[in-house]
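To start, the structure itself, in structure tokens.
The values are calculated or read from the model by the stated rules, or taken from the named source; none is laboratory data. Note that the structure is a prediction, hence the values are computed from the model and not measured. Every residue, glycine as well, gets a Cβ built from its backbone with ideal geometry; the counts of neighbours run over all protein chains shown. Side chains included, ligands, DNA and RNA excluded: accessible areas come from the protein's heavy atoms. Shrake-Rupley method; radii C 1.70, N 1.55, O 1.52, S 1.80 Å.
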Amino acid sequence: MHGIAYARRNGDVDVTFGRRWVLRGVLALLGMAALAAGMALTYGLYLSASLALPTGDDHPPRLIYGAPFLLKPDLDIASSHLLERLNQLGYRAVESPVRVPGDYRVTAAAIDIYLHEFTDLHLRPVPARLLLDQGRVAKVLSIEHGDELFPAYLEPQLISGLRGVSRQVREWVSYDEMPARFIDVLLAIEDRRFFSHPGLDPVAVARAVWTNLARGTVIQGGSTITQQLAKNLFYSPQRTFGRKLRESIAALVLEAKYPKKAILESYVNEIYLGQVGSVSIYGVGEAAHRYFGKRMSALSLEEAALLVGMIKGPNTYSPIRNPTLAKHRRDVVLGRLHSQELLADNEWKLAVMSPVRVLPPQDTLADAPFFVDYLLRQMEETTGAPLPDGVRVYTTLDPILQRLAVETLGSGLTKLETAYPALTSHADPVQGALVALDPMSGAILAMVGSREYRTSQFNRAVQAKRQPGSLFKPLVYLAALDARHELTGGQAITPATLLVDEPVTFESRAGVWAPQNYDHRFHGTVSLRTALEQSLNVPAVKVAQTVGTKRILQLARSLGIRSPLSDNLSLALGTSGVSLLEMTAAYGALAYGGVFVAPTAAQALITPEGDPAWRHTPERHQAVSAQATFVMTSMLTGVVERGTASKAKAMGLRSSVAGKTGTTDGYRDAWFVGYTSDVVLGVWVGFDDEEALNLTGAQAALPMWVEFMRRIVPAAPRQVATPSAVVMRDIDPKTGQLATSKCPQRTTELFIEGTEPTGYCEVHGSGFWERLRRSFGFS
């Protein structure tokens, strides 16, 4: 009995002891729950005080526009891509007379354009008529009054935008402006019970858990639109339990703090919907414009379904990058709408049969990230501060030329690798850069700094300092031409000056230097013109020795070259590193009568209120005489017609242009810079680590230069008038003296007045009849 009683007592003790531990466990759990609830409540109160939904007035983007396009007499319709410009700006071709802004009509005799209004630049909505003559504009008239219209501009195109440090262009759409059909599509896919749940949807979570367990993988989420908005605005995309918990609390706080319509408005305007070039697209309003060229209110059912489908994977389902996947995802969305009885059978069948149609990226936004980077640095250096929110920047960029530049460099480098497979064996891809300028204003019209901005943001058009090689020789000869009789001995150097291309040595700080030509041959006596056309090295060094490096360095500085240059004779062969932009701008002075205009990316800055905050004032000066540059342009035209760039015609170049190849020692860099009176273009090709290309400028850079120029330069470009004090004389090319009737060869040469030869050919004849004619005033 005692044993039984003892056992009972022990059993009672065990039960009591167990109950105590259960009670303690429950109390501990309750305490932990209370603590968690307190922490959640505290965090919720903190969020309630700190969280705020963005609105259309918060941090308005800084918008960046290209340059307006001047409609002027002598404009070539084809090479200016005028019709493409109109379509890109949203003008509509009509058959009847133009009646409202945005209409244009093309006939054999004229192009009528009802110009858009653009208040920032004071552009009025007026109907203009471009009278045509053989594919060129003869006159620009006002259709209303019949008199000449000047100036007449096409408005600038939006090229980029900034919000914070991100490239974004946002068009905020209020809830009341959102089409009801779009909201139906969005909620059907992303959050069916949005208007009834408190921020969290237990039904959706349970369905997602069940589906994921059944499939054995995570294929469905249970996040509401409010949770997605909280994640996008306030948290990182990292998937952790803690982040999910904070996101859920934030969703509850947002629902308690804001009405449903405000939450949905923020979601629709903040959702990320892919990339167009270097610009991130946020918000359905902006996506509708960038992908379809229309306002959100004009979206069709198929377009709305495509954009909603992109939310799951903006770049995976991008209609630009992956049109097949985009259509498949769109059709999944349409199928879901059909299964939910939001689409009738016939409407669903028609919708899924519709192809995906989007605007090409270049039709909506110019892809100019290197230009924008350069612009922002220029603006910060000029104004002393970063651009404030909401400002509008008007730049020099020509979106059409920028598109052609991107296409030209990308396809050109690919063709180069195909033609020379050894280039692809290098660890890093061959790179290139291209920059186009307006020589009269210094405006940067196009800029590409590498073959792919996403993989390399290093701007090789501006930041890379590479040896220009033979590209520098025109500056040496230009200094000689402009010196006239100021050189030692008083003998002027002219295009007809004879130089001996022969083995020669020079003393330098590094020892004895013996320059060689690229073909390792010497060509005997040649004229200055021939030496430049054939890019001979020894004559260039001899001229540099005669002129003196100080004069050459002074000219280079006057032409805008700020990179350090060696003060020795190797300077003549381009052994000092310079940027492509520097060399292109220097050649721009040759195209503009010796006037150097500093390159610029910016034209004006307008405040959010529409007031001018800053306007660019061109920096220009006469760097070299108009006479010397006119003669040099003639010599550089010979480079393209007969010299190292003579293959340009076979490559499709129709126009008369001037330019020079550049190839550095060891074939590490390939250049070509050339110009007309309206545009100067520079191209560079090479490896970043300066490994040998084993290609010349004519092989690597010239084909891209020709491809770009043949698409923008008319067959008969505008000719520059011969400046005063430039004379022409017939000379004997073998002697450089005035030709006589007995000379077997004669050529017409240009001279700065006072430097032309006065003696007649002493080899072939006395020139008696020529002297007699000249004495009577006949040349």
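For segment 667-679, state whether one or more residues are open to solvent by 20 Å² or more (accessible area, probe 1.4 Å) and touching a helix residue (DSSP H, G or I) at 6+ places or on another chain (Cβ under 6 Å). Looking for residues that are open to solvent by 20 Å² or more (accessible area, probe 1.4 Å) and touching a helix residue (DSSP H, G or I) at 6+ places or on another chain (Cβ under 6 Å), one finds none in segment 667-679, hence no. Annotation note: of ASP438, ASP482, the sole residue that is closer than 30 Å to PRO757 by Cβ, modelled with pLDDT of 95 or more and of a type in the set (Asp, Glu) is ASP482.
The single residue among LEU343, LEU376 that is outside any strand (DSSP E or B) and either modelled with pLDDT of 95 or more or buried (at least 21 other Cβ atoms within 10 Å of the Cβ) (or both) turns out to be LEU343. In segment 184-197, the residues that are more than 12 Å from LEU229 (Cβ to Cβ) form Cβ pairs under 8 Å with partners that are part of a helix (DSSP H, G or I) and open to solvent by 80 Å² or more (accessible area, probe 1.4 Å), at six or more places apart or across chains, as follows: ALA188/ARG336; ILE189/ARG336; ARG193/VAL203.
Of the numbered criteria (1) in contact with a Lys or Arg (Cβ under 6 Å, 6 or more places away or on another chain); (2) at pLDDT 85 or above, the one GLU144 fails is (1).
Within the bounds of segment 461-469, is there any residue that is in contact with a Ser or Thr (Cβ under 7 Å, 6 or more places away or on another chain) and in a helix (DSSP H, G or I)? Yes, that holds for at least one residue. Among the residues of segment 648-670, is any at pLDDT 95 or above, of a type in the set (Val, Ile, Thr), farther than 19 Å from ARG711 by Cα and in contact with a Lys or Arg (Cβ under 9 Å, 6 or more places away or on another chain)? No, segment 648-670 contains no residue that is at pLDDT 95 or above, of a type in the set (Val, Ile, Thr), farther than 19 Å from ARG711 by Cα and in contact with a Lys or Arg (Cβ under 9 Å, 6 or more places away or on another chain).
Taking each residue of segment 139-161 that is in contact (Cβ under 8 Å) with a residue 12 or more places away in the chain and β-branched (Val, Ile, Thr) and looking for partners that are open to solvent by less than 20 Å² (accessible area, probe 1.4 Å) and assigned to a strand (DSSP E or B) with beta-carbon atoms closer than 8 Å, six or more apart or interchain, yields VAL140/ALA128; VAL140/LEU130; ILE143/ASP112; ILE143/PRO127; ILE143/ALA128; ILE159/ILE64; ILE159/THR395. Figure legend. Inter-residue proximity from segment 717-731: first residues assigned to a loop (DSSP other than H, G, I, E, B), second residues at pLDDT 90 or above and open to solvent by less than 40 Å² (accessible area, probe 1.4 Å), beta-carbon distance below 6 Å, spacing 6+ or different chains. Indicated pairs: PRO717/THR676; ARG718/SER677; VAL720/SER677; PRO723/ALA626; PRO723/GLN627; ALA725/GLN627. If the condition is being small (Gly, Ala, Ser) and either in contact with a helix residue (DSSP H, G or I) (Cβ under 8 Å, 6 or more places away or on another chain) or open to solvent by 20 Å² or more (accessible area, probe 1.4 Å) (or both), then segment 387-435 contributes ALA405, GLY410, SER411, GLY412, ALA419, ALA422, SER425, ALA427, GLY432, ALA433. When segment 629-666 is filtered for residues that are in contact with a helix residue (DSSP H, G or I) (Cβ under 8 Å, 6 or more places away or on another chain) and polar (S, T, N, Q), the ones remaining, listed by number, are THR629, THR633, THR644, SER646, SER655, SER656, THR661, THR663, THR664. All of (1) open to solvent by 20 Å² or more (accessible area, probe 1.4 Å); (2) modelled with pLDDT of 95 or more hold for THR735 with one exception: (2).
Each residue in segment 254-303 was checked for being surrounded by fewer than 20 Cβ atoms within 10 Å (Cβ to Cβ), in contact with a His (Cβ under 9 Å, 6 or more places away or on another chain) and within 19 Å of GLN88 (Cα to Cα), and 1 pass. Note on segment 633-687: residues that are assigned to a loop (DSSP other than H, G, I, E, B), closer than 22 Å to ALA715 by Cα and among the polar types (S, T, N, Q) amount to 5. Number of residues in segment 738-754 that are without any contact (Cβ under 8 Å) to a residue 60 or more places away in the chain and either open to solvent by less than 60 Å² (accessible area, probe 1.4 Å) or out of contact with any His (no Cβ under 8 Å at 6 or more places or on another chain) (or both): the value is 9.
Restricting to segment 85-116, count the residues that are surrounded by 13 or more Cβ atoms within 10 Å (Cβ to Cβ) and on the phi < 0 side of the Ramachandran plot. Total meeting the criteria: 21.
When the residues of segment 406-441 are filtered to those that are in a strand (DSSP E or B) and of a type in the set (Gly, Ala, Ser), the one that is farthest from ALA601 (Cα to Cα) is GLY432. A single member of THR382, THR364 is at pLDDT below 90 and open to solvent by 30 Å² or more (accessible area, probe 1.4 Å), and it is THR382.
Of the residues making up segment 699-732, those that are open to solvent by less than 20 Å² (accessible area, probe 1.4 Å), modelled with pLDDT under 95 and within 30 Å of THR414 (Cβ to Cβ) number 2.
The residue that is farthest from LEU434 (Cα to Cα), counting only those in segment 663-698 that are over 24 Å from the mean Cα position of the chain (by Cα) and small (Gly, Ala, Ser), is GLY666. Residues in segment 127-154 that are open to solvent by 20 Å² or more (accessible area, probe 1.4 Å) and under 30 Å from ILE64 (Cα atoms): ARG129, LEU149, PHE150, PRO151, TYR153. When segment 510-543 is filtered for residues that are aromatic (Phe, Trp, Tyr) and either in contact with a Cys (Cβ under 7 Å, 6 or more places away or on another chain) or over 21 Å from ALA645 (Cβ atoms) (or both), the ones remaining, listed by number, are TRP513, PHE522. Taken over segment 483-508, the criterion of being in contact with a strand residue (DSSP E or B) (Cβ under 9 Å, 6 or more places away or on another chain), open to solvent by 20 Å² or more (accessible area, probe 1.4 Å) and farther than 23 Å from PRO733 by Cβ is satisfied by THR505, GLU507.
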